[in-house]
Ligand SMILES: [Zn+2]
């Protein structure tokens with residue numbers, strides 16, 4: 001049943017980032033009706049962060065209250081979070097989140113069950129439901145910014161693994177014994193192809209590299225080609241592992257997608273097994289909002305399951 005987006009219910013989705021906490025009121029069709037943001041008190045610990053999230057959620061719910069019921073709340077959290085036990089397992093960007101019962105704290109603060117998902121899996125769901133992955137049963141979403149994260153949709157459902165932590169794609173090994181990664185291991189894809197790695201190699205911001213390359217600077221163009229080859233090398237592994245219909249590239253570096261795409265495609269054409277060479281790599285459609293949208297989709301799914309339980 002199609003619901004009128006002017007008056008249908010909204011989910012309140014929260015995205016907890018290392019520098020910013022954002023909240024949005026989103027309807028069943030993926031329209032964002034209101035949004036708010038505040039700085040993340042990254043060193044202040046879980047109680048302070050949850051207090052900010054509650055304030056933002058309340059503010060954004062109030063903004064849409066005249067036209068929309070709120071059907072639930074959801075948090076896209078940086079990982080790793082065990083979403084089966086709802087325990088945060090040492091979030092590197094936030095102080096005090098090691099072995100914290102995040103689910104219990106959220107439910108107490110909000111006075112109801114809050115949906116919880118790892119942010120990259122939420123972003124994959126957002127692109128699958130409302131972005132570049134609409135209509136796909138099998139896709140891989142890769143977000144490339146400071147680090148590399150990801151999410152996989154397999155057989156028409158999010159792949160979560162036995163702790164809800166699947167698809168830490170940035171930490172698959174690209175070169176055994178290679179460069180040191182921020183995770184403490186060596187040779188991760190992230191250590192070679194992340195925005196941070198590009199900035200370390202080039203000595204300038206990723207944005208500056210793309211700018212100079214677009215302006216015709218040959219050294220910068222080489223750096224972009226090299227970056228695209230490194231991204232392509234990881235994507236070839238993902239094609240072989242997951243047999244996706246398409247790969248969606250999101251995150252800050254995807255803003256340079258037009259400059260990366262030819263070399264990514266060439267790398268797949270050279271390196272993938274022949275049967276995997278026809279897969280498309282596309283730019284995310286909802287860059288910046290994918291996680292919020294995926295969280296909204298999960299809140300609606302939970303809401304609809306509860307309604308069905310009541311009927312049956
Ligand atoms: Zn790593």
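Tabulated data for the structure shown
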quantity	calculated
Within a Gaussian network of the chain (alpha carbon springs, distance under 10 Å), most fluctuating of 149, 251, 18	18
Relative contact order (percent, whole number), the range 172-307, Cα cutoff 8 Å, 6+ residue spacing	18
Diffusion coefficient, µm² s⁻¹, Stokes-Einstein with Kirkwood Rh over alpha-carbon pairs of the range 17-137 at 10 °C and 1.306 mPa s	105
Helix 119-130 axis, angle to the chain major axis (alpha carbon atoms, nearest 10°)	80
Kirkwood hydrodynamic radius (C-alpha pairs) into Stokes-Einstein, the chain, 25 °C and 0.890 mPa s, D in µm²/s	122
Rounded tilt (10° steps) of 257-271 against the dominant C-alpha axis of the chain	60
Per-residue Cβ neighbour rank within 10 angstrom, fewest leading, 142, 87, 224	87, 224, 142
Share, in percent, of DSSP beta bridges within the chain that are antiparallel, nearest 5	60
Principal semi-axes in Å for the range 200-286 [√(5λ), Cα gyration tensor, largest first]	24, 14, 10
Rel. contact order, % - alpha carbon contacts under 8 angstrom, at least six apart, the range 63-181	21
0 to 90° range, to nearest 10: angle between helix 46-64 axis and the chain longest Cα axis	70
Proxy reagent accessibility, fewest Cβ within 10 Å first, across 163, 168	163, 168
Separation in nanometres of the label points that stand 7 Å from Cα toward Cβ, at residue 270 and residue 31	4.7
Proxy reagent accessibility, fewest Cβ within 10 Å first, across 276, 300	276, 300
Antiparallel %, DSSP beta bridges [both residues in the range 68-148], to 5	50
Estimated distance in nm for a label pair at residue 20 and residue 136, the labels positioned 7 Å out from Cα along Cα-to-Cβ	2.5
Computed lengthening from residue 65 to residue 98, 0.36 nm per intervening residue step minus Cα-Cα distance	8.3 nm
Principal axis dimensions, largest first and in whole angstrom, of the range 132-238 by Cα	45, 35, 19
Label-point separation, residue 179 to residue 51 (7 Å along Cα→Cβ), nm	4.0
The chain, helix-only ellipticity at 222 nm - DSSP H runs n ≥ 4, -39,500 (n - 2.57), divided by all residues, nearest 500	-13000 deg cm²/dmol
Of 191, 61, 42, the one that fluctuates the most in a GNM where the chain has Cα springs shorter than 10 Å	42
Beta bridges per DSSP with both ends in the range 1-145, % antiparallel, nearest 5	60
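Values in this text are rule-based calculations from the coordinates and carry no lab data. Quick caveat: nothing in here was measured; it's all calculated off a predicted structure. Note that each Cβ is placed from the backbone with ideal geometry, even for glycine, and that neighbours are counted across all protein chains shown.
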